[in-house]
Every structure is written in C-alpha cells, then in structure tokens.
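Chemist: Below are the structure tokens for one structure; questions will follow.
The values are calculated or read from the model by the stated rules, or taken from the named source; none is laboratory data. Values in this document were obtained by computation on a predicted structure and should not be read as measured data. Note that we place each Cβ from the backbone using ideal geometry, even for glycine, and neighbour counts take in every protein chain shown. Just so you know, the surface numbers come from the protein's heavy atoms only, side chains and all, with ligands and any DNA or RNA stripped out. Shrake-Rupley method; radii C 1.70, N 1.55, O 1.52, S 1.80 Å.
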Amino acid sequence: YESDGCVVKVTEEVDECPEGMVYNADLKDCECPEGKVEDSTGKCVDKKPCVGDPVLNPEVAPQTNSGTKGGMFGKTRNGGTQWHKGLDLKNAYGKPIYALYSGAGKIATQYKRGKVDGAGHYVEVTSTLNGKTVKMLYFHMQQNNRISGTINAGDIIGYQGDSGNLKNAISQGHSVSHLHIKAKENGIDVDPIPYLKTKIDPNTGQVTNPCN
C-alpha cells in the first residue's frame, strides 16, 4: 500500500513448520514433503504402497549395460547370456520394503568366501496362493530391522540397503539403488511381475497400470 507517497511492502510472517514438514508458499501452509503423508498424530511418515506392491510406485531399475530389460526376469544381461532370476525395482537407500503377501517369513544372508555377497541380507516369505507354494525373496536389505515369523501383506519386512553385490554395482555405475525380488512357484523360478499389484509390461518393463 502507499503511505505518504511511499510504497510499503507488507511481508506475511510464516510460523516455523513442525519438524519434518515443509512450507508450501502457494497453499500458505505446512505440508509433508513429497513421498510422505501425515499420520493421525500429525507426523510425516512414508506413504505406503498399495498392498501387493513391495515399494511405493514400483519402477524397473535399469542396468547401464543392458537397459530396462537388464532389470527384468530372464536372459537379458550381457547380450542375453546372463540369466537374471528376478526383478529389480528402484528403491532409495533406507526406504522401507513391504511384504506382497501374508506368509511365513525367514531372515537369511548369502555369503561367498566368508563375506556377504550376491543377494546380501534378505527376507524370504513363503505363502500358499491358488494352491501353489510361492516363495518371495527380497534381496539387498539392510542387516538390521528385518522381520521373520508370521507376516501380513503390507507389513514392513526390512529396509533398503546395498548388501551383497549391489554396493559394487552402484559404485561402478552399473545400476542404481534397488530391491531385487525373486519369485519361486513350487521351487521353480518365475517372473515376479504378475505378483505385483501395479501392472508392468513383462516385455518392455513400462508401468501400464499404476496402483497409487
């Protein structure tokens, strides 16, 4: 406004946002940062994926030398000579990992020559689905805070790590942080894609029907 011929700017004072929140200038209010939601206590927590998805907004993590198909199930790496027995989904370090189905959980670690290698720290969840014994394995977890015993679909079973061969793959620029999921039907390796709630094209790796 004008005062005695001078233009005076009025600056709206903004109270400091609660811890974990950010100020939205357009809404003139505090809100949770992207990827988080406010719970009943007013705290910002990670937004949960749909039950049946292991991470929020599943997206195939590509390999630098073989593209998107390199993160999918099948002979897709190194010119089609390397058998990739699972599905790689982007997931930032420290993010939670959720059980696709209810079942019996078991904590395990893969070693090679006395060192953590390959799958790293992981969790197996065995379920009975449509008359089949289905085992879902979640690789490259952090060692701590993994869950075993009775598990319900949608439970957090651990947190994203870089255990096993993932740390070297990231440091060498071959891949990004990701969760590797392996599926077994009656002991036979199968493509995990049909088990996800979010629909992903098994040929291209593109999301065709996102859940969230």
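Chemist: Just for strands (runs of 3 or more DSSP E) wholly inside the stretch 44-104: which have at least 1 residues that are of a type in the set (Lys, Arg) and out of contact with any Leu (no Cβ under 6 Å at 6 or more places or on another chain)?
Modeler: Details: elements: 44-46, 74-77, 82-84, 87-90, 96-98.
Per the criteria, 74-77, 87-90.
Chemist: While we're on this one: Could you list, in sequence order, all residues of the stretch 159-183 that are within 10 Å of the chain's Cα centre (by Cα) and in a loop (DSSP other than H, G, I, E, B)?
Modeler: Across the stretch 159-183, the qualifying residue is only Ser177.
Chemist: Please pick out the residue among Glu34, Glu38 that is farther than 23 Å from Ala169 by Cα, under 21 Å from the mean Cα position of the chain (by Cα) and loosely packed, with under 14 Cβ neighbours inside 10 Å. First the steps, then the outcome.
Modeler: Numbers: Glu38 fails: loosely packed, with under 14 Cβ neighbours inside 10 Å.
When all the criteria are applied, what remains is Glu34.
Chemist: From the list Gly118, Gly86, Gly74, Gly94, pick out the single residue that is crowded, with 19+ Cβ neighbours inside 10 Å and in contact (Cβ under 8 Å) with a residue 12 or more places away in the chain. Step through it out loud before you land on a result.
Modeler: Details: Gly118 fails: crowded, with 19+ Cβ neighbours inside 10 Å; Gly74 fails: crowded, with 19+ Cβ neighbours inside 10 Å; Gly94 fails: crowded, with 19+ Cβ neighbours inside 10 Å.
One residue alone meets the criteria, Gly86.
Chemist: Confirm whether Pro202 is touching a helix residue (DSSP H, G or I) at 6+ places or on another chain (Cβ under 7 Å) and either open to solvent by 20 Å² or more (accessible area, probe 1.4 Å) or assigned to a loop (DSSP other than H, G, I, E, B) (or both).
Modeler: Details: touching a helix residue (DSSP H, G or I) at 6+ places or on another chain (Cβ under 7 Å): yes; either open to solvent by 20 Å² or more (accessible area, probe 1.4 Å) or assigned to a loop (DSSP other than H, G, I, E, B) (or both): yes.
Criteria met by Pro202.
Chemist: For the stretch 121-147, which residues satisfy the criterion of being polar (S, T, N, Q) and open to solvent by 40 Å² or more (accessible area, probe 1.4 Å)?
Modeler: Keep residues of the stretch 121-147 that are polar (S, T, N, Q), which gives 126-128, 130, 133, 142-145.
Matches in the stretch 121-147: Thr126, Thr128, Asn130, Thr133, Gln142, Gln143, Asn144, Asn145.
Chemist: Pick from the stretch 97-114 the residues that are of a type in the set (Phe, Trp, Tyr) and without any contact (Cβ under 8 Å) to a residue 60 or more places away in the chain: which of them is most open to solvent (accessible area, probe 1.4 Å)? Break it down stepwise before answering.
Modeler: Filtering the stretch 97-114 for residues of a type in the set (Phe, Trp, Tyr) gives 98, 101, 111.
Imposing the further condition that a residue be without any contact (Cβ under 8 Å) to a residue 60 or more places away in the chain reduces the set to 98, 111.
Numbers: Tyr98: 10, Tyr111: 137 Å².
Among residues in the stretch 97-114 that are of a type in the set (Phe, Trp, Tyr) and without any contact (Cβ under 8 Å) to a residue 60 or more places away in the chain, the one most open to solvent (accessible area, probe 1.4 Å) is Tyr111.
Chemist: On to the next question. Which of the residues spanning the stretch 162-189 are surrounded by fewer than 19 Cβ atoms within 10 Å (Cβ to Cβ), touching a residue at least 24 places away in the same chain (Cβ under 8 Å) and among the aliphatic types (A, V, I, L, M)?
Modeler: Val176
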